[in-house]
Each structure stands twice: as C-alpha cells, then as structure tokens.
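The values are calculated or read from the model by the stated rules, or taken from the named source; none is laboratory data. Computed from a predicted model, the values in this text were never measured in an experiment. Backbone-built Cβ (ideal geometry, glycine too); neighbour counts: all protein chains shown.
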Amino acid sequence: MINSLKTFAFFGCALTSFYRRGLCRSFNLAAKELGVNLVFFNSLGKIGNKYAQYGDYEFDFLDYVNADAFDGIIFDGEGYNVDIMLTTVIEKCRRAKCPVVSISSIVDGFYNIDFDDAGGLKMIIEHLIEVHGFTKLGFMSGYLTHPDAQLRLAEFREVMRAHGFPEDGCGVFEGDFWFHKGAEAADYFLSLPERPEAIVCANDYMAIALAAELKKRGLRVPEDIAVTGYDGSSEGREFLPHITSVTRERDDIARRTLELLLELAEKGGKKDLPIDKNRLIIRPRPIYTQSCGCEQLDYQIEAENINHVYALNRRFSYNLYDTESLVLKLNKVDSVPALDRVFREQPINFGEYSHQVLMMHIDPEGRPSYDSDFTSPTGRFVPSIWIDNDKKLVKSDIPYDGMTLIPDVTDEEPHFFYVMSVHCAERMFGYAIVEMAEEDIFNEFYNVWLLNISITLERLFKNDRINRLIGSLEALSILDGLTGLLNRRGFEERSRESMGAIIGRKTVCTMVIDMDGLKRINDDFGHFEGDCAIRTAAELIAKCCESNEIAGRAGGDEFYIFATNYSEKKAADFIGRLTGLIDGYNRTSCKPYKVEISYGYYITEIDRGARLEDLISVSDSRMYEQKQAKPNRRS
C-alpha cells in the first residue's frame with residue numbers, strides 16, 4: 001500500500017501518444033481532486049510500424065503484478081497494438097478481485113465507459129448536411145477489422161439512409177487510422193464519377209493526411225472539398241485549416257471513472273454490483289471549425305500557435321542532442337552502479353520528475369538479472385537506481401514483490417506512478433518507476449531512456465558471460481585438471497610474475513615434492529587409486545600454503561612450491577605441517593596403501609634477474625638425495 005488513500009491501477013499502451021498523453025493528464029487532475037493514487041502500467045507495444053517483437057515479450061512483467069493489491073483497475077484497451085499483450089492484460093484484469101472499468105472498448109465482465117461515437121459521428125454528418133447543405137459525402141474509414149471503424153461506418157450509412165442518400169454516399173475508402181493512406185484516399189475520391197463536396201474521416205489523423213494531399217493536388221479545404229475528422233486531437237487543432245471534429249471528453253471520462261471506482265470501493269470493492277448504465281455514457285462535443293467552413297482564421301492566434309510549434313521543435317532538438325549524448329555515455333558504462341551516475345548527470349530530457357527507480361529481478365540466491373550466473377526469476381526485485389528528489393519514498397531492505405511493486409511514501413498526498421518493463425529480446429531485467437513533478441506524463445524520450453538502459457543491461461550481461469568464459473578458459477590453461485592446483489605452465493607464470501616484482505634483493509624458497517611408491521599403487525590397486533593418492537597429496541600441500549606460497553603440480557607425482565620473503569623456519573614449519581597431515585591421513589584413511597613423499601628445498605637471496613629453472617634444479621637435486629637415502633626406497 002502506497003499510503004492510506006485508495007490506489008487504482010491503470011493498464012494502457014503507448015501512453016505518450018498525443019491522445020493518451022492528454023488522457024493521463026485528465027486522470028491525474030481528477031485523481032488529485034478526488035484524493036486517490038494512480039499506478040499506470042504502460043507498455044510500448046509495437047515500435048515503429050512493423051517492429052512488434054518488443055511488445056511480444058513486454059507482457060512477461062505482468063506475471064509479477066498482483067492486481068489484487070489495488071482497490072480498482074482502469075483498462076484502456078484501445079491503445080494496445082500487439083494482440084498477445086491485449087489478451088494477457090484482459091485476462092489478468094478478469095482474474096482480479098477488485099472492480100475493473102474499461103474506458104475505450106467494451107469488454108464483457110468489466111464496467112464499461114460507453115462513448116457515444118455513433119451520436120458524435122451523427123452530429124458531424126448532420127452538420128454537413130443541414131448547416132452547409134452538402135449532399136455529396138464520402139467516407140474514409142479506419143481498417144475495417146477494427147470495431148471503431150465498423151461502428152463509425154455503420155453510423156455513416158445509417159445517417160445517409162435517414163436523409164434519403166445512398167448509404168455509401170459518393171464512396172467509402174478503407175484507411176488505416178493513421179497518416180499513411182492520405183495519398184491513396186485523395187486519388188480515390190478524386191477519381192469518382194461524382195466528386196464529394198465533403199469527406200467524413202473516421203479520425204483526425206486520416207483527416208489531416210487527406211487534407212494535406214488534397215492541397216498538394218491544388219484543391220482548397222474547405223472551399224473545394226470540406227474534410228472532417230473524429231476524436232478532437234491536438235494535432236487536428238494545430239493543422240491548418242483546423243479540423244472539424246468530435247472530441248471524446250477526457251476530463252469527463254477520468255472523473256466518471258474514478259468516481260465509479262470510489263463508489264464501488266465504498267461498497268466493498270465487489271465486481272458484480274449493478275450500476276445505472278446511463279451514468280457510464282460519455283457524451284461527445286463537436287468542434288465545428290475551419291475544415292468544414294464554420295470558422296475563419298484568427299491570424300493573431302495562429303501566430304502564437306506557430307511560435308508554440310517552433311518552441312516545441314527547439315525543445316525536441318535539445319532533447320535529441322541529449323539523447324545522442326546519452327547513447328555515447330551508456331556505451332561506456334561497465335557496471336550497473338554506473339547507470340545511476342549517468343542518469344543523475346544526464347540533462348533531463350523527458351520532463352521534471354520527483355522519483356526515478358530501477359528495480360532489478362533477483363534469483364533465489366539474490367543474484368540480479370544482469371548477472372550471467374542468474375538462474376531463475378523469483379518475482380522479487382531490488383532497486384539498482386534510486387533517485388528521490390523530494391525525499392518522499394520509503395526504501396525497503398526487503399525485496400519488492402507483486403504486493404509491493406511501488407515504494408511506500410511518507411505523505412498522504414495523491415501520487416501518480418508510471419511503471420514500465422525493462423527487457424531486451426527475451427530477457428526481462430526488471431521494471432522502472434517514475435513519478436513526474438507535475439500532472440503531465442513524461443514524453444517519448446523516457447521511452448528512449450528505458451530502451452537504451454535495456455540494451456546496456458543486455459550488453460553487460462553478455463560481457464559478463466564472455467569474461468567468465470574467458471576466465472574459465474584461462475583457468476583451464478593454467479590449472480591442473482586432476483588436482484585443481486596450478487599446472488606446470490601456471491606455476492611458472494605465477495612464480496615469474498612474483499620474481500619480476502622483486503625490488504632489490506629478496507630471500508626466496510623453492511621446493512620440490514615427489515610422491516614415493518606411486519608406481520606400486522598404480523600396479524597393485526589401479527590407476528583410479530593412483531589418481532586418488534595424487535589428489536590427496538595435492539590437497540594436503542594446498543592446506544599447508546599459509547604464507548602466500550605458490551603451489552603447482554609439475555606433472556605425474558611431482559609438485560613445486562615457490563615463495564618470497566621466506567626463511568629456514570618457515571620452510572621447516574611447512575614441511576612439519578605437511579608430514580603431520582600425511583601421517584594423520586594414513587592413520588585414518590583405511591586405504592590399503594600409504595601416501596608418502598620426498599622433498600627438497602632451496603632458500604637463497606635473489607634479484608629480479610634470477611632464473612626460476614636454476615632454483616628448481618637445486619631443490620630437485622636435494623629432493624632426489626633424500627629419496628635415494630631412504631631405506632627400502634620405492635619409486
């Protein structure tokens with residue numbers, strides 16, 4: 001629980017699009033007035049026109065969101081552009097115990113905000129017919145598999161029939177609810193035997209694209225052909241001529257939704273309470289303006305609009321420069337803590353924020369998801385970036401989980417958090433939380449931040465795996481596979497490195513240790529027991545290395561020791577510990593043989609110009625002398 005206020009989850013996609021950016025602001029303003037918290041779970045979905053893979057894996061994070069932790073849910077299904085994401089969110093909302101209100105599409109089992117789209121479109125069409133006297137109308141639909149497109153086309157046909165006109169008017173063109181079909185639509189309508197006097201478009205974006213293409217072909221809007229849209233977008237109000245449209249009343253949507261959820265929460269938060277359907281219908285408001293011929297341009301206002309657009313362009317350029325700098329900085333990041341430093345140092349290009357937290361997934365051993373040793377997700381997260389500008393977040397020492405994805409706060413004011421998955425390809429690293437300082441949502445550059453952080457984490461993950469692999473390969477090249485000690489190459493490399501670090505002259509010790517009777521063990525008991533005896537000798541030698549001795553297996557049953565800053569006493573102590581460990585092992589091992597050794601050591605003062613081979617040679621000779629002097633000597 002964030003605080004004692006009611007907290008509602010908002011599931012949506014592409015919340016930084018123009019329409020949904022304004023929708024978020026409307027919800028935040030209403031939530032502030034009504035005293036509730038909002039947690040927006042935003043998805044990017046399809047990136048660009050075709051890249052849907054990011055959205056395909058984005059829904060993984062939803063597995064760790066506990067919908068029952070909220071007092072109610074707002075579902076904005078219209079923005080989802082990846083089918084699997086849409087169905088996953090709907091099913092998650094269905095399983096929630098709290099009430100769910102769908103604000104942009106009708107979903108069985110939810111409370112639905114029912115936009116009177118048919119009534120809005122009827123207002124536009126009848127305005128063109130009754131006010132302007134148009135009788136020749138065309139219609140530009142969205143893609144006809146979309147339910148909004150089907151509804152709006154059906155209403156166009158119904159109104160045309162009611163006024164005694166052919167139901168398809170001069171013609172119907174299937175668009176895409178976006179800007180890409182403007183040229184094709186213009187060519188289609190201008191090729192008709194009877195050119196339309198006005199074209200009704202199923203949304204503003206298509207109206208803008210069509211009007212622009214008509215102007216390219218030398219036609220005037222609205223003098224030659226009037227064009228209308230739908231949705232009342234900010235782009236439609238900025239385009240010249242301003243687009244006649246119908247707006248979905250976002251402020252009304254937000255207030256009614258939150259009031260309904262509060263009412264349901266007061267009644268126990270049940271999902272099946274009867275609600276008067278009339279209160280869930282949002283009435284549209286028409287905007288009759290220049291593209292149908294209703295309003296003249298106010299050049300003073302348009303000059304201010306142009307200045308505003310220029311200011312936005314300048315800000316966009318500055319933000320783009322900051323983003324280029326960010327990419328270069330993240331390319332140099334070699335650890336996750338460095339991400340925090342880059343974030344704090346980089347100029348803010350997505351808006352002023354109060355809090356920014358990056359939560360990383362951990363495995364059962366507590367390893368973070370960017371660690372190549374990460375095994376399996378646990379649904380628990382720990383912060384790796386924690387920026388709390390107004391000191392209102394409560395940082396927990398206990399990992400966060402589905403019930404506590406959002407940190408608690410220290411006040412009782414409404415809070416509006418935005419949560420997004422942080423993932424790359426098929427790997428989810430965690431999630432990010434941001435709270436803006438004002439009621440507006442962040443701009444698209446925050447999405448760029450997260451995408452770059454995801455790529456950086458993926459690079460760190462792969463680099464860590466490569467470095468570990470290189471390290472293991474290096475270890476294999478210098479370690480003895482049977483005993484785990486250094487092999488001959490590893491021993492010589494480490495010993496020469498130690499000798500190369502000598503300043504002036506220093507006393508060193510080399511030691512050669514050779515097992516006695518290994519051939520008899522192999523002959524009488526097999527090579528498995530022979531290997532066991534070699535491993536035992538290696539383990540006991542390693543236990544005796546308490547003064548930075550370098551130990552290695554030279555091959556077969558022979559071992560080397562090298563140490564600096566040594567003395568006769570240290571050498572005697574080493575041999576005493578080793579022979580004591582061997583005696584103890586032989587008494588308790590129950591093996592049918594004994595582990596026995598011969599040894600020789602050489603202590604001398606050298607400088608960095610000494611040769612390791614010469615020192616080993618002396619030790620080897622002394623070891624051989626000891627072996628030869630033993631009664632009943634065995635090889």
Completion exercise
Picking from 197, 155, 235, 213, the residue that is within 40 Å of the chain's Cα centre (by Cα), modelled with pLDDT of 95 or more and surrounded by 15 or more Cβ atoms within 10 Å (Cβ to Cβ) would be 213
Completion exercise
Selection from region 202-254 of residues basic (Lys, Arg) and more than 25 Å from residue 190 (Cβ to Cβ) yields 237, 248, 250
Problem - Selection status of residue 25, under 18 Å from residue 417 (Cα atoms), assigned to a helix (DSSP H, G or I) and modelled with pLDDT under 90 - result: no
Exercise for the section: For residue 266, state whether it is within 19 Å of residue 115 (Cα to Cα), modelled with pLDDT of 75 or more and outside the structural domain of residue 20 (by TED's automatic domain parsing). Expected result: no
Fill in the blank from the handout: Within region 212-269, restricting to residues that are in a helix (DSSP H, G or I) and among the acidic types (Asp, Glu), the one that is nearest to residue 139 (Cα to Cα) is 213
Exercise for the section: Go through region 352-372 and give me each residue that's assigned to a loop (DSSP other than H, G, I, E, B) and either within 23 Å of residue 439 (Cβ to Cβ) or among the basic types (Lys, Arg) (or both). Expected result: 352, 367
Completion exercise
Heads up, the helices (runs of 4 or more DSSP H) in region 483-554 (entirely inside) with at least 3 residues that are under 47 Å from the mean Cα position of the chain (by Cα) and at pLDDT 90 or above are 488-500, 527-544
Practice task
Evaluate the following for residue 581: is it crowded, with 17+ Cβ neighbours inside 10 Å and closer than 17 Å to residue 550 by Cα?
Solution key: no
Practice task
Run residue 144 past the list (1) surrounded by 15 or more Cβ atoms within 10 Å (Cβ to Cβ); (2) within 40 Å of the chain's Cα centre (by Cα) and report the number of the one that doesn't hold.
Solution key: (1)
Exercise for the section: Quick one: residue 533 ticks every box in (1) closer than 27 Å to residue 605 by Cβ; (2) in contact with a strand residue (DSSP E or B) (Cβ under 9 Å, 6 or more places away or on another chain); (3) touching a residue at least 24 places away in the same chain (Cβ under 8 Å) except a single one, so which number is it? Expected result: (1)
Exercise for the section: Could you tell me whether residue 325 is in contact (Cβ under 8 Å) with a residue 60 or more places away in the chain, surrounded by 13 or more Cβ atoms within 10 Å (Cβ to Cβ) and over 19 Å from the mean Cα position of the chain (by Cα)? Expected result: no
Exercise for the section: Could you please let me know if residue 32 is part of a helix (DSSP H, G or I), touching a Leu at 6+ places or on another chain (Cβ under 7 Å) and more than 20 Å from residue 231 (Cβ to Cβ)? Expected result: no
Handout entry: Enumeration of residues in region 369-384 that are modelled with pLDDT of 90 or more and not hydroxyl-bearing (Ser, Thr, Tyr)
Key = 379, 380, 381, 382, 383
Problem - Test result for residue 406, over 20 Å from residue 15 (Cα atoms) and among the β-branched types (Val, Ile, Thr) - result: no
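Residue-by-condition table, conditions (1) β-branched (Val, Ile, Thr); (2) at pLDDT below 85; (3) more than 22 Å from residue 54 (Cα to Cα):
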| site | (1), (2), (3) |
| --- | --- |
| 73 | yes, no, yes |
| 76 | no, no, no |
| 81 | no, yes, no |
| 84 | yes, yes, no |
| 87 | yes, no, no |
| 119 | no, no, yes |
Practice task
Go over the candidates 186, 149 one by one and state the one that is hydrophobic (A, V, I, L, M, F, W, C) and closer than 16 Å to residue 230 by Cβ.
Solution key: 149
Exercise for the section: Could you check, for region 434-454, whether at least one of its residues is crowded, with 20+ Cβ neighbours inside 10 Å, out of contact with any Cys (no Cβ under 6 Å at 6 or more places or on another chain) and acidic (Asp, Glu)? Expected result: yes
Problem - Matching residues, region 273-300, being modelled with pLDDT under 75 and surrounded by 10 or more Cβ atoms within 10 Å (Cβ to Cβ) - result: 273, 275, 277, 279, 280, 297, 298
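Residues are listed down the side, and each one gets a yes or a no for (1) surrounded by 15 or more Cβ atoms within 10 Å (Cβ to Cβ); (2) more than 19 Å from the chain's Cα centre (by Cα):
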| position | (1), (2) |
| --- | --- |
| 309 | no, yes |
| 317 | no, yes |
| 331 | no, no |
| 334 | no, no |
| 338 | yes, no |
| 345 | no, yes |
| 357 | yes, no |
